[in-house]
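Accompanying notes for the structure given below.
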Amino acid sequence: MQSQVEGIVIRTMPYGETNKIVTLFTKEAGKITCMARGAKKPASRLAAITQVFTHGTFSIYKGRGMGTLQAGDPLESLRHIREDIMSTAYASYVTELIDRLTEQDEPQPVIFDMLYQALHAIDEGYDPEAITLFVEWKMLQAAGLAPTLHQCANCGATEGEFAFSFQELGFLCHRCFHIDRYIIRLSPALVKLIRTFYFVPIERVGSLTLKKESKSLLKQIVRTIYEEKAGIRLKSRKFLEQLERTPEFLPKKEELPKDE
Ligand SMILES: [Zn+2]
């Protein structure tokens, strides 16, 4: 059976001398894996279309077992991602996270849209760290970790000061701070920011300028949730953290203190 899908290459693995196993995140069918015969040969017509982060239409033949990629047409190359090491590192982190949190052959159009928009935003030069944070907060739900962020996780209050509690997986209001010894106190601006990351569609990320410290704290919280509650620690995170500690790779742009 022949099918035509729109998708983004999220992972490739060499197979034998000349083949690649390609994982696509598709609009129609969710995550699918297929064999691209000969794609490792530079002259192959499948060589370019099977590069990671390529967005295109793919023609797949599916008999029994793994499908075979027969042809593909790029819709765009997203080449800026590959030209900049920081963008590559963040985009790899995003695709690995989505790969880890999704099952094969399960249509998930919302996640496809988010992946598409995240890679686009990184390609267009938006702050890749902020885009990555968006994806991390948004994907919590797909990981079965839905934090309580619209109200206090203990008493349901919506007014007051808030802190983040790993124990309660969500916000606690000041009246309930005592139930968890290890809360992280949050300024009203950070509470708002976390809600933005979790509830607001990713399209609106472009208008945000975030302080370095805010990003670090939000990153620590969300990555701790993944680690502690789901045991997820990504391979690409290590590379990203090394880059983040290496100042010459960092963008030279001035940070605009604006969000608080
Ligand atoms: Zn409360």
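The table for this structure:
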{"item": "The chain, relative contact order in percent, only Cα pairs under 8 angstrom and at least six apart counted", "result": "15 percent"}
{"item": "17 Å reach of a label modelled at residue 80, 7 Å along Cα-to-Cβ, counting backbone N of region 89-129", "result": "89-92, 116-129"}
{"item": "Solvent-accessible area per residue for region 161-232 (1.4 angstrom probe, square angstrom)", "result": "50 Å²"}
{"item": "Potential extension, residue 47-residue 73 segment - 0.36 nm per residue separation minus Cα distance", "result": "8.2 nm"}
{"item": "Counting all C-alpha pairs of region 135-204, share separated by more than 17 Å (%)", "result": "40 percent"}
{"item": "Between region 1-58 and region 89-112, the alpha-carbon center distance in angstrom", "result": "15 Å"}
{"item": "Amide hydrogen neighbours beyond the local backbone of residue 170, cut-off 5 Å, H modeled", "result": "148, 165"}
{"item": "Cα Rg over Rh - region 1-150, Kirkwood", "result": "0.98"}
{"item": "Carbon + sulfur, % of accessible area of the chain - ligands and nucleic acids excluded, 1.4 Å", "result": "52 percent"}
{"item": "Stretchable slack from residue 2 to residue 167, in nm (0.36 nm times residue separation minus alpha-carbon distance)", "result": "54.5 nm"}
{"item": "Proximal charge balance of residue 19 [Cβ under 10 Å; K/R count +1, D/E count -1]", "result": "+3"}
{"item": "DSSP-loop trypsin sites (Lys or Arg not before Pro) across region 19-78, with at most 15 other Cβ within 10 angstrom", "result": "45, 62, 64"}
{"item": "Calculated on alpha-carbon atoms, Rg and Dmax of region 82-214 in Å", "result": "16.2, 50"}
{"item": "Reciprocal mean inverse distance between Cα atoms of the chain - Kirkwood radius, Å", "result": "19.7 Å"}
{"item": "Probe 1.4 Å, all protein chains present, accessible-area order of 178, 55, 120, largest first", "result": "178, 120, 55"}
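The values are calculated or read from the model by the stated rules, or taken from the named source; none is laboratory data. Everything numeric in this text was worked out from a predicted model, so none of it was measured. Note: ideal-geometry Cβ built from the backbone for every residue, glycine included; neighbour counts use all protein chains shown. For the accessible areas, the whole protein counts, side chains as well, though only heavy atoms, and no ligand, DNA or RNA atoms are used. Shrake-Rupley method; radii C 1.70, N 1.55, O 1.52, S 1.80 Å.
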